[in-house]
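All remarks here apply to the structure that follows.
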Amino acid sequence: MRIGIAGLATSHPYTDARGLRQHAQLVVWEPDAGRLARFREEHPDAVPVADLDALLRADPDGVVLTVPTPEVPGALARILDRDLACFVNKPAAASRAQLSALRPVVARAPHRVLSSSVLRFAPSFAALADTAVDRADLLAARVTVRHDVGLWATGYNPWQDDPASGGGTIVSMGIHGVELLVALLGPAMRVVGATASIRRYGALRSEDTALVVLRWDDGLVATVEVLGVTAEESYEVILHATDGDRGTLLRGGPGSETALGYRATIEAFLSMVDGAPSPVPWEQTEAVLGVLADARAATDPGRRERA
């Protein structure tokens, strides 16, 4: 098997490659020489190529796509032209305009596209999702995302911190919380409130702290807390029900690739390469991205956009 690693714009494809190299030869394209050198140091057997066209000419069986968010639609279209399964590292869109550009591309082959927070595939979260809870007994839900964004304050990956490009903290980190809530409660929700602020990292263009309030069509409400100033990485999910709370806590750190769902995500992607449809319906992914875009816009009315 041959898998293309198209872009190294974030840290995720480095982790993805550690899972993929057990199953496939890797072909990698990245325009930044420093990022490519770091990747090749870890994966010396990976074959570097000059551009995306060269990667596709290498006849990969599937592609992991990680480019700056505004570049996703164009790159994904070229991958789907080859009828290849594609895992798009999150977020695939950070604004309503970006989502509008992405929508017709995915519509050509939605079964070939997977874009999701890896946490959806975390074993302990999957166990929580499999726990039967009568929806009528649910009162509310909450997800707390702890992931430090101090690196952005140093100027690293400025496109991610740019609200108009990568969406900033509320999008790039908030996606983890919204993704889990959609997986548990379905996609029929909307943003009813969002706010964000800078509490520690004054050099950021976006924020280091945010809160998003969601409401489903049946009246169920949930909150996503995003804490971008933290010494530890963790993700806590709580379902409040009439008979008590249910939840799980996912922790980052060394050796957490299995616990956080990276390994299971790669397994799901490899199943797509073998012909299975995407395990996350595009309807859910689109709902996640739309809510994040609306939350981004709500925190800065000057950037409010329409679909």
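The values are calculated or read from the model by the stated rules, or taken from the named source; none is laboratory data. All figures in this text were calculated on a predicted structure; none of them were measured in a lab. Counting neighbours? That spans all protein chains shown, and the Cβs are built from the backbone with ideal geometry, glycine included. The protein model used for the area step is the full one, side chains on, heavy atoms only, and it has no ligands, DNA or RNA in it. Shrake-Rupley method; radii C 1.70, N 1.55, O 1.52, S 1.80 Å.
Considering only strands (runs of 3 or more DSSP E) fully contained in region 212-307, which possess at least 2 residues that are over 18 Å from Arg146 (Cα atoms)?
234-241, 244-251
Would you confirm whether any residue within region 205-222 is within 21 Å of Pro163 (Cα to Cα), open to solvent by less than 70 Å² (accessible area, probe 1.4 Å) and over 20 Å from the mean Cα position of the chain (by Cα)?
Checked region 205-222: no residue is within 21 Å of Pro163 (Cα to Cα), open to solvent by less than 70 Å² (accessible area, probe 1.4 Å) and over 20 Å from the mean Cα position of the chain (by Cα).
Quick one: in region 231-256, of everything that is open to solvent by 20 Å² or more (accessible area, probe 1.4 Å) and among the aliphatic types (A, V, I, L, M), which residue is farthest from Arg21 (Cα to Cα)?
Ile238
When the residues of region 27-63 are narrowed to those that are without any contact (Cβ under 8 Å) to a residue 24 or more places away in the chain, aliphatic (A, V, I, L, M) and under 22 Å from Arg82 (Cα atoms), which ends up least open to solvent (accessible area, probe 1.4 Å)?
Only one residue tops the list, namely Val49.
Checking Val237 against (1) touching a Gly at 6+ places or on another chain (Cβ under 6 Å); (2) at pLDDT below 95: exactly one of these is not met. Which one?
(2)
Could you list, in sequence order, the residues of region 196-235 that are of a type in the set (A, V, I, L, M) and closer than 15 Å to Trp152 by Cβ?
Of everything in region 196-235, those that are of a type in the set (A, V, I, L, M) and closer than 15 Å to Trp152 by Cβ turn out to be Ala196, Ile198, Ala203, Leu204, Ala210, Val226, Leu227, Val229.
Give me the pairs, please: first residue somewhere in region 127-146 and closer than 18 Å to Glu179 by Cα, second residue anywhere and hydroxyl-bearing (Ser, Thr, Tyr), beta-carbon distance under 6 Å, and either six or more positions apart or on two chains.
Pairs found: Leu128/Thr248; Arg142/Thr223; Val145/Tyr235; Arg146/Thr230; Arg146/Ser234.
Residue by residue through region 257-284, note down the ones that are polar (S, T, N, Q) and surrounded by 15 or more Cβ atoms within 10 Å (Cβ to Cβ).
Result: Thr265, Ser271, Ser278, Gln284.
Considering only region 129-161, state which residues are touching a strand residue (DSSP E or B) at 6+ places or on another chain (Cβ under 8 Å), open to solvent by less than 50 Å² (accessible area, probe 1.4 Å) and among the hydrophobic types (A, V, I, L, M, F, W, C).
Val133, Leu138, Ala140, Ala141, Val143, Val145
Among the residues in region 4-13, are any touching a helix residue (DSSP H, G or I) at 6+ places or on another chain (Cβ under 8 Å), over 23 Å from Ser165 (Cβ atoms), modelled with pLDDT of 95 or more and hydrophobic (A, V, I, L, M, F, W, C)?
no
Could you tell me whether any residue of region 271-290 is acidic (Asp, Glu) and at pLDDT below 95?
no
Hey, does region 96-119 have a residue that's of a type in the set (S, T, N, Q), farther than 30 Å from Ala259 by Cα and crowded, with 23+ Cβ neighbours inside 10 Å?
yes
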